[in-house]
Amino acid sequence: MLGYLLRRILAAVPVMGVVALFVFLLLRLTPGDPAAILAGDNATPEQLDRIRTSLGLNEPIYIQFYTWVAKLLHGDLGVSLISNKPILEMIGPRLEPSISVALATIVLSILVAVPLGVIAAWKHGTWIDRCVMGLSVLGFSVPVFVIGYVLIQVFAIDLRWVPVQGFKSISAGFGPFFERIILPTCTLSFIYVALIARMTRASMLDVLGEDYVRTARAKGIGETGVLLRHALRNAAVPVITVIGSGFALLISGVVVTESVFNLPGIGRLTVDAVLARDYPVIQAMILLTSGIYVAVNLLIDLAYTLLDPRIRY
């Protein structure tokens, strides 16, 4: 097991290297001058040249890349061109809102979607199956911002059960924290429940037709034991892939939801950096997102080895 994980980690290193090179070149070759953004419209050529020199923009591209990678290896993501703050200090406060909503969304989606998918596969072709699939289609069809605004109108404005927008850290108390993440969680869960339920149903239908499932039933094992112990365990691999990919997407920032509910998360930080052409922040956010995806894929591979005994280390 340890050797398998080490091989997977070593395989991820060149992936991150290619991502770093691509991000660096992409942002350096796109139109726009960071020095002009910092200096303003009335800057003189001498002022622009001093700013470029201080930022190292007058150096050859390969020197700039080497300097940037050397800082990355020492844990230095750079400094924002706009706020002049270390990027790590900017990312830190943004992690809690994104991680909180992502974890709550995934947990709620799993608790709702997996049982729905199992029941839909078990009752394949019945009205229960059609209802679950209808809800899944609805979840894919309705835009996220529409769901968010409807929930805000009903539960925040009409019923006044929860605040409209904003975020409170869990250190301020679980009550205020829960009140401000419940609506974003339900908004995102609407889509992920649809996705996970459909995948669970499709995977379960494939497994329920296998010989070992019929053998388990012939031995007199109850239907619950057949569904949970035999079918669901073997159908879980593609479902875990969907859950892992969805979690990585949520962590990296769901921009629309964070905008609707005014959450100061990773997605909002990325959008603000893009609009301001804050190149160091954009680079750091893309690398962070890529690292999250690589880490999630490593965890998915680990789950495969635990669920599928056919995989050799």
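If you stretched the chain out fully between Phe22 and Ser245, how much longer would it get, using 0.36 nm times the residue separation minus the C-alpha to C-alpha distance?
On the way: separation 223, 0.36 × 223 = 80.28 nm, distance 2.19 nm.
The span from Phe22 to Ser245 would gain 78.1 nm if fully extended.
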Checklist outcome for this item: To the nearest 10 degrees, the tilt of helix 174-208 (Cα long axis) against the first principal axis of the alpha carbons of the chain is 50 degrees
Item to check | FRET E, pair Val112, Ile82, Förster distance 41 Å, beta-carbon r, rounded to 0.05 | outcome: 0.50
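Going by average Cβ density within 10 Å per residue, which order do the peptides 229-235, 143-149 take, highest to lowest?
Details: 229-235: 18.9, 143-149: 15.3.
Descending packing order for the listed peptides: 229-235, 143-149.
Please give the contour-minus-distance gain from Trp127 to Ser169: 0.36 nm per residue of separation, less the Cα-Cα distance, rounded to one decimal in nm.
Value of the extension gain: 10.8 nm.
Taking the Cα centre as origin and putting +1 on Lys and Arg beta-carbons and -1 on Asp and Glu beta-carbons, what dipole magnitude results for the stretch 90-307, to the nearest 20 debye? Don't skip to the answer; put the middle values down first.
Values: 15 positive and 12 negative charges, 77 e Å.
For the stretch 90-307, the charge dipole is close to 360 debye.
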Checklist entry - Cross-link partners among lysines for Lys71, C-alpha distance below 17 Å, same-chain residues fewer than 8 apart left out? => result Lys85
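Can you tell me the convex hull volume per residue for the stretch 89-137, based on C-alpha atoms, in Å³ to the nearest whole number? The partial results should precede the final answer.
Values: hull volume 3.2 nm³, N = 49.
It comes to 66 Å³ per residue, whole-number rounded.
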Next on the checklist: Expected output is a single nm value to one decimal: the length gained when fully extending between Leu159 and Leu95, i.e. 0.36 nm times separation in residues minus the C-alpha distance. What is it?
Outcome noted: 20.0 nm
Next on the checklist: Below 12 Å, Cα to Cα, which aspartates and glutamates can Lys168 reach? Residues fewer than 8 away in the same chain don't count.
Outcome noted: Glu96, Glu179
Next on the checklist: What are the extents of the Cα atoms of the stretch 76-218 along their three principal axes, in Å, largest first?
Outcome noted: 67, 45, 29
Checklist entry - For the charge dipole of the chain, defined by +1 on Lys and Arg C-beta atoms and -1 on Asp and Glu C-beta atoms about the Cα centroid, which residue among Leu159, Ser80, Phe65 has the Cα displaced farthest towards the positive pole? => result Leu159
Checklist entry - If you compute semi-axes √(5λ) of the Cα gyration tensor in Å for the structure shown, which of (i) 30, 23, 18; (ii) 44, 27, 15; (iii) 35, 25, 18 do you land on? => result (ii)
Checklist entry - Going toward the positive end of the dipole of the stretch 90-307, with +1 on Lys and Arg Cβ and -1 on Asp and Glu Cβ, which of Ser141, Ile221, Pro93 do you reach last? => result Ile221
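Read-outs throughout are calculated quantities, based only on the coordinates presented, and are distinct from any laboratory measurement. Model, not experiment: these values are computed from the prediction. Ideal geometry is used to build each Cβ from the backbone, glycine not excepted, and the neighbour counts take in all protein chains shown.
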